[in-house]
There are 4 protein chains.
Amino acid sequence: MEEMNRPIPSVVNSPHQFSYENGIELTHVEPGLARGMLHAGPNSINPHGMIHGGAIATLADTVAGSCACSRGGRCVTCSATLEFLRPAQGDLFCEATPKKLGQKLSVVQVTIRNAQEKAVATGTLTFFMEAPQKVER
Amino acid sequence: MEEMNRPIPSVVNSPHQFSYENGIELTHVEPGLARGMLHAGPNSINPHGMIHGGAIATLADTVAGSCACSRGGRCVTCSATLEFLRPAQGDLFCEATPKKLGQKLSVVQVTIRNAQEKAVATGTLTFFMEAPQKVER
Amino acid sequence: MEEMNRPIPSVVNSPHQFSYENGIELTHVEPGLARGMLHAGPNSINPHGMIHGGAIATLADTVAGSCACSRGGRCVTCSATLEFLRPAQGDLFCEATPKKLGQKLSVVQVTIRNAQEKAVATGTLTFFMEAPQKVER
Amino acid sequence: MEEMNRPIPSVVNSPHQFSYENGIELTHVEPGLARGMLHAGPNSINPHGMIHGGAIATLADTVAGSCACSRGGRCVTCSATLEFLRPAQGDLFCEATPKKLGQKLSVVQVTIRNAQEKAVATGTLTFFMEAPQKVER
């Protein structure tokens, strides 16, 4: 995820991104918060007919990365842990907030909810920060 | 992931699966082992131009789930942990082997390598087994 | 963690428990919430002189398990993910709340703070529920 | 974990370390490999009478950290994921090998076995490397 003097949503919400091409939209970014959604389609499913865990992971990574960069800087995902709490159907909504925004590492938590606002998955993602960013005071 | 009296690859490698529609193919399943690959395309990337972490997560989940069901039964992913070891480009290859194939829970590890056979990501996925499967002896 | 017709704290806060013998006390349990603390001592440290990650993991597991059983039942830890956000010194305080209390699996999140109320670590633990417990409605 | 011009085992196997005081011994370190064990005692248990998950986590963290520093440098644990595969009793043996030894981050996997050589737990730990270390070539 890189800033490149362009707003994060315009970087993320553009063709050829794996996320964008799969119906994922970054809907809001401010320092310390990012939100996005999956517009579920006929190709979002797993063999059970539910939203594929990979689609949920993509939503999580995309929104969490935008949160990690929300105070500037550039980041790459080091690791992710995801808990799939219940089967998911239809559009999904993700909110990401920092556990820590550091100079070298940032840790971001995500909650993914369905249209009924029930949490279907949660996760924690760690990012390596490649460029200096404004430090927490 | 369900067997449904059909071989696992024919269930997974079929239209509308999120994995299939993103170039992921399950290439081999036998009891205690599954392999698959990502045929990388122009839409597989993240904002850095590398393979998106979500595509890697989808490959991991698809192949690991096939491994978890490789002795029969049906499973759903409970949780996943993924480590992104280095940036990835081009086609990726995933191998999944069990840490434990239990009656209620199975734990599967995955390694994802690039065409140069360098590990780019690893992970561990836990599955809840929904139907009885043959027990380890 | 088992109820055994005894309150959870009396089971946990008793001699020979690894947690108890290392200064960990379960201080509060109610349905859907558990709290505990580490009374840090001279033997709580790692080679850097900070609280050892293992002591933090023990605190997390003990309090999270008590939360998982807080509506009854018996549980065993399936998996744990922990993020160490900053070096920790002195007494530590852990709060555990459920992400999901299920009949078969429960997922519990923990936050561990120092005496200045700064989060030093977070985690998510998954428990296999061995006996039926009251279901969420 | 720091080298401090002393061999890693002499740093780890010394009084007041949380690990040492709980019967954990680092038994072998060479570049890219570390081994250790838990000498189980009456105070190593959880309420089920099995080895406490916290003791297993402490063994994992201690041995993995020694592996991360096995080519020099100093490290702190960023995150840990652990899978508890089966209940554990008696002495436990841990082997740690790197998934990646980087200049900034190292990722180490651990397997913990009982005296019958059955795997009882596995894990993956990520370390932030605080001092430059010899790079992989």
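Annotations for the structure displayed:
- At R0 = 45 Å, FRET efficiency that the Cβ-Cβ distance of D:Glu130 and C:Leu33 yields, to 0.05: 0.80
- 10 Å Cβ neighbours from other chains, averaged over peptide A:101-110: 3
- Shielding by partners for peptide A:36-44, expressed as the average number of C-beta atoms from other protein chains within 10 Å of each residue's C-beta, is 2.
- Relative to the longest principal axis of the Cα atoms of chain C, the long axis of helix C:53-68 makes an angle of roughly 20 degrees.
- Charging the Cβ of each Asp and Glu at -1 and of each Lys and Arg at +1, and nothing else, the dipole of the range A:53-137 about its Cα centre rounds to 320 debye.
- Shown for C:Lys104: label points 7 Å from Cα along the beta-carbon vector, and their distances to the equivalent points in the other copies, 1.0, 4.1, 4.2 nm in ascending order.
- Taking 0.890 mPa s as the viscosity and 25 °C as the temperature, the Stokes-Einstein diffusion coefficient of the protein assembly as shown based on its alpha-carbon Kirkwood radius rounds to 106 µm²/s.
- Peptide B:83-90 has a mean shielding of 5, counted as Cβ atoms of other protein chains within 10 Å of each residue's Cβ.
- Each residue, D:Ser14 and C:His16, gets one label point 7 Å from its Cα in the Cβ direction; the gap between the two is 3.4 nm.
- Label-point spacing at B:Gly32 relative to the other copies reads 2.7, 4.6, 5.3 nm, in ascending order, each point sitting 7 Å out from Cα along Cα→Cβ.
- Over chain A, relative contact order from alpha-carbon pairs under 8 Å, at least 6 apart, %: 23 percent
- Chain C's nearest residue to the axis relating it to D, judged by Cβ and reported with the distance in whole Å, is C:Ala57, 2.
- Cβ-based exposure ranking for A:Thr27, C:Thr111, A:Thr124, in which fewest neighbours within 10 Å come first: A:Thr27, C:Thr111, A:Thr124
- Secondary-structure-derived ellipticity at 222 nm for chain B, considering helices only, amounts to -5000 deg cm²/dmol, per-run term -39500 (n - 2.57) for DSSP H runs with n ≥ 4.
- Each copy carries a label point for B:Pro87 at 7 Å from Cα along the beta-carbon vector; from one copy to the others these points are 3.3, 4.1, 5.0 nm apart, nearest first.
- DSSP bridge analysis restricted to the protein assembly as shown gives an antiparallel fraction near 95%, rounded to the nearest 5.
- Selection from C:Ile51, C:Ser10, C:Ala68, by position along the positive dipole direction of the range C:8-129 (Cβ): C:Ala68
- For chain D, alpha-carbon Rg and Dmax in angstrom: 14.3, 48
- Pairs beyond 18 Å (Cα-Cα), from B:Lys104/D:Lys99; B:Lys100/C:Lys99; B:Lys118/D:Lys99; A:Lys104/B:Lys118; B:Lys100/D:Lys118: B:Lys104/D:Lys99; B:Lys100/C:Lys99; A:Lys104/B:Lys118
- Euclidean distance between Cα centres, the range D:97-116 to the range B:8-80, Å: 25 Å
- Under 14 Å, Cβ to Cβ, from A:Gly41 - net charge with Lys/Arg +1 and Asp/Glu -1: -4
- Using only side-chain charges placed at the Cβ, +1 for Lys and Arg and -1 for Asp and Glu, the dipole size of the protein assembly as shown relative to its Cα centre rounds to 0 debye.
- Among B:Lys104, D:Lys100, B:Lys118, a tally of other beta-carbon atoms within 10 Å of each Cβ gives an order, fewest to most, of B:Lys118, B:Lys104, D:Lys100.
Just so you know, all these numbers are worked out from the coordinates, no wet-lab data involved. Predicted model only: the values in this text are computed from it and were never measured. Because the Cβ atoms are built from the backbone with ideal geometry, glycine has one as well, and the counts that use them run over all protein chains shown.
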